[in-house]
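Engineer: Here it is, the structure in full.
Just so you know, all these numbers are worked out from the coordinates, no wet-lab data involved. Everything numeric in this text was worked out from a predicted model, so none of it was measured. All Cβ positions, glycine included, derive from the backbone under ideal geometry; neighbour counts span all protein chains shown.
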Ligand code: COA
């Protein structure tokens, strides 16, 4: 680890960036190694507060007080040219005058002074700046220029920057409170990284009533330099953090986010709430921190690929946090429910099924054991109903029998306030039972108000998540199971590999199109590209004249299909540009006239290259395989039901092509309703799923090899009992 001496800047030891090649490469290497390390940002030996003030109403005063109050054991240096002492500590006029070089400077000076202070910090050898000052990118124009200047100063000195426009950072294990929040969290295992400063302070305050403890709070602010990926990576390294929570409005760098989150998810759960999913939400997000919200679909695909658990709401984010921070991962999806009333038991059963979990089927011995002590009217099958007159002892025995069953992976215990219910004693019995089965997660739903609160609170304080209603508890158990199930795939990722691929042929086609400045490939070119990557296409040839069409059809054999070939016509069927089942030469001539007549009546001025003659393929399951490119995460591959109803049915699943695995392709096929058809619907023979998966994979590899392909549609692809045929292929090439 490199600690600069006093007066030595962070970059002084790096070779000149404008030196010879090898020196530049070395400079780059040193800079990268140095810049990625964030441990001493959270575990500093000394911290300066620049803009510290005696005035208790000022933020600079709050930050210094917070650092003192939290029990920070390192050296603390207030910096303010007007004061000799603040908060009982000697005060220094500027960073250059400090008695030692702190690793971190928290800056709370007015915006015009920030650049100057940052420059002084860089010269003094400070490594990290936490800039709380607002008035940067989020204000646009001049603010954006200020932010660029601040970042340039940081880069020049090899400093890393948190913010600007943030609340600050906290670490309960150091302990350090380099923020102006009004309180300091209870120590715990959850790291919360937030793009909204307001959420940091609100969640902090709220956490006291929920009993949640935190390892870290990070307010990202404008993310001029350090962003969510850096802090996820750092929290993954942090031994005190067991769960990583993020609230984000956008990601600064898509591929880097995926890399950091995927690597972190192999070690601990990463749970993300991404706002701006609705169109108006996205607009609010862009005006909030100047963030440009990407398409939600791409975010979902990226999170899935990275193993990130996506929360649907703030409440769910923290429900999941609580359960991951306290409970073990379940071995499987089988849930047992113990309740003192029938209705809630049914609601819980519905929730189990809706979330894709299973109601456990008990062992014979468990059922016999339950029968022994439960009243005759009780239900001894899952959900176990111990009845409204159950006291804690009946609960205790029922929970012990159920959780001890080898067919149970997790348990939900529910109780409603009847006259004899003992909420606290029942809670205590659950704590004991859970302690005897440390490998099985348990959650509780103590339904009611003040009567049940003490029991619920008792559980939370002892590390058992307690909800008011069953559904959030079941969703939390689903989160545990999903993470556990997905982790294996993250740990052993398979890679897509295909033989029979000819990139040179694709390069030739793309070059020809580029030379003629044609962004949309001709159908015959698109078919050539597909064939070069081993995608089976229906035989297709372009005819410039009617006579040529007849000759090609004769060669191919009848019946054939005629399709107009024009770069501007997207939906050929809609304009009468397609004639199918053409049985002979005379019919080809007639179809030629019909297609040309239809197209020219719709688009009199359109460019028509001719008419494609395609071998008429026998009918199969109509599928679509396509590609789109997202600004943040790159290419996504789509799969679903194809044909003319594709937009209407919207039965399509998406995945990122980057790092796509065979397992993910199987998942995306199974997610669609098309899968039901492919398996053989109503006595039809099952389709060749391997060939379907191969087509998806080959398309993904094609666009990874040729990223200039911005869009691709194969619609329809016919799937047969043996093999597939791509009928209509459209490829668009961009920058
Ligand atoms: N070096 C050291 N101290 C300096 C300084 C410098 N170059 N320039 C000014 N100071 C001192 C001031 O003298 C003052 O101390 P004093 O009270 O002893 O006079 C202190 O720094 C603060 O400066 P002041 O002008 O009083 O500003 P302020 O405290 O009213 O506001 C900010 C400063 C940073 C809090 C304010 O500009 C701001 O950005 N507020 C919004 C913060 C925010 O919401 N962040 C985002 C959260 S999501």
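Engineer: What order, most packed first, do the peptides 596-606, 504-514, 39-49 have when packing is the mean number of other Cβ atoms within 10 Å of each residue? Each step should come with its number before you reach the end.
Structural biologist: Details: 596-606: 13.2, 504-514: 15.1, 39-49: 20.9.
Listed from highest to lowest mean packing, they are 39-49, 504-514, 596-606.
Engineer: So what is the relative contact order for the range 580-638, in percent, with contacts set as C-alpha pairs under 8 Å and at least six apart? Kindly include the intermediate steps, with their values, before the conclusion.
Structural biologist: Numbers: 22 pairs, mean separation 12.0, N = 59.
Relative contact order of the range 580-638: 20 percent.
Engineer: Can you sort 574, 651 by how many other beta carbons sit within 10 Å, fewest first?
Structural biologist: Numbers: 574 11, 651 20.
Starting with the residue having the fewest Cβ neighbours, the order is 574, 651.
Engineer: While we're looking at this one, here's another question. Divide by every residue of the chain the summed helix terms, -39500 (n - 2.57) for each DSSP H run of at least 4, and state the resulting mean residue ellipticity at 222 nm, rounded to the nearest 500 deg cm²/dmol. Could the numbers behind the result be given before it?
Structural biologist: On the way: 25 runs with 302 residues, N = 735.
Helix contribution divided over all residues of the chain: -13000 deg cm²/dmol.
Engineer: Multiply the residue separation of residue 202 and residue 505 by 0.36 nm, subtract the distance between their alpha-carbon atoms, and state the gained length in nm to one decimal.
Structural biologist: Details: separation 303, 0.36 × 303 = 109.08 nm, distance 5.81 nm.
That works out to 103.3 nm of additional length.
Engineer: Something else about it: List the relative contact order of the chain as a percent without decimals, with contacts defined as Cα pairs under 8 Å and 6+ residues apart. The partial results should precede the final answer.
Structural biologist: Numbers: 1562 pairs, mean separation 55.8, N = 735.
This gives 8 percent for the chain.
Engineer: Suppose the chain between residue 371 and residue 58 were pulled fully straight at 0.36 nm per residue; how much longer would it get relative to their current alpha carbon spacing?
Structural biologist: Working: separation 313, 0.36 × 313 = 112.68 nm, distance 6.67 nm.
Computed gain between residue 371 and residue 58 is 106.0 nm.
Engineer: What order do you get for 391, 436, 528 when you list them from fewest to most C-beta neighbours inside 10 Å? Please list the in-between numbers first.
Structural biologist: On the way: 391 16, 436 11, 528 19.
By the 10 Å Cβ count, ascending, the order reads 436, 391, 528.
Engineer: Against the longest alpha carbon principal axis of the chain, how many degrees, from 0 to 90 and to the nearest 10, is the axis of helix 450-461 turned?
Structural biologist: 90
Engineer: Among DSSP bridges having both ends in the range 56-189, what percentage is antiparallel? Round to the nearest 5. Walk me through the intermediate numbers first.
Structural biologist: Working: 6 of 14 bridges.
Here the share of antiparallel DSSP bridges comes out near 45 percent.
Engineer: What FRET efficiency do you get for residue 558 and residue 494 if R0 is 45 Å and r is their Cβ-Cβ distance, rounded to the nearest 0.05? Let's see the in-between values first.
Structural biologist: Numbers: r = 44 Å, r/R0 = 0.97.
After rounding, the FRET efficiency stands at 0.55.
Engineer: Between 0 and 90 degrees, rounded to the nearest ten: what's the tilt of helix 111-124 against the longest Cα principal axis of the chain?
Structural biologist: Its long axis makes an angle of about 80 degrees.
Engineer: Among rounded, prolate and oblate, which fits the range 37-117 when a ≥ b ≥ c are the square roots of the eigenvalues of its C-alpha gyration tensor, a/c under 1.5 means rounded, and a/b larger than b/c means prolate?
Structural biologist: Working: a/c = 1.42, a/b = 1.20, b/c = 1.19.
It comes out rounded by the Cα gyration axes.
Engineer: Starting with the highest mean, order 70-76, 394-400, 437-443, 712-718 by the number of other Cβ atoms within 10 Å, averaged over the residues of each peptide.
Structural biologist: Answer by packing, highest mean first, reads 712-718, 394-400, 437-443, 70-76.
Engineer: Just how far, in whole angstrom, is the range 208-263 from the range 484-509 if you go by their alpha carbon centroids?
Structural biologist: Going from one Cα centre to the other spans 29 Å.
Engineer: Provide the gained length on full extension for the span residue 45 to residue 267, in nm with one decimal, where the gain is 0.36 nm per separating residue minus the Cα-Cα distance. Walk me through the numbers before you get to the answer.
Structural biologist: Numbers: separation 222, 0.36 × 222 = 79.92 nm, distance 2.78 nm.
Here the answer is 77.1 nm.
Engineer: Roughly speaking, what is the centre-to-centre gap between the range 604-661 and the range 115-175 when only Cα atoms are used, to the nearest Å?
Structural biologist: Result: 46 Å between the Cα centres.
Engineer: Would you mind putting 521-527, 308-314 in packing order, based on average other-beta-carbon counts within 10 Å, highest first? Don't skip to the answer; put the middle values down first.
Structural biologist: Numbers: 521-527: 22.4, 308-314: 18.1.
For the peptides 521-527, 308-314, the packing ranking is 521-527, 308-314.
Engineer: Of all DSSP beta bridges located in the chain, what percent are antiparallel, nearest 5? Provide the component values of the computation, followed by the final result.
Structural biologist: Details: 51 of 102 bridges.
Given both bridge residues lie in the chain, the antiparallel proportion sits at roughly 50 percent.
Engineer: Let me ask something else about it. For the chain, take the longest principal axis of its alpha carbons; what is the angle in degrees between that and the long axis of helix 197-210, to the nearest 10 within 0 to 90?
Structural biologist: Tilt of helix 197-210: around 60 degrees.
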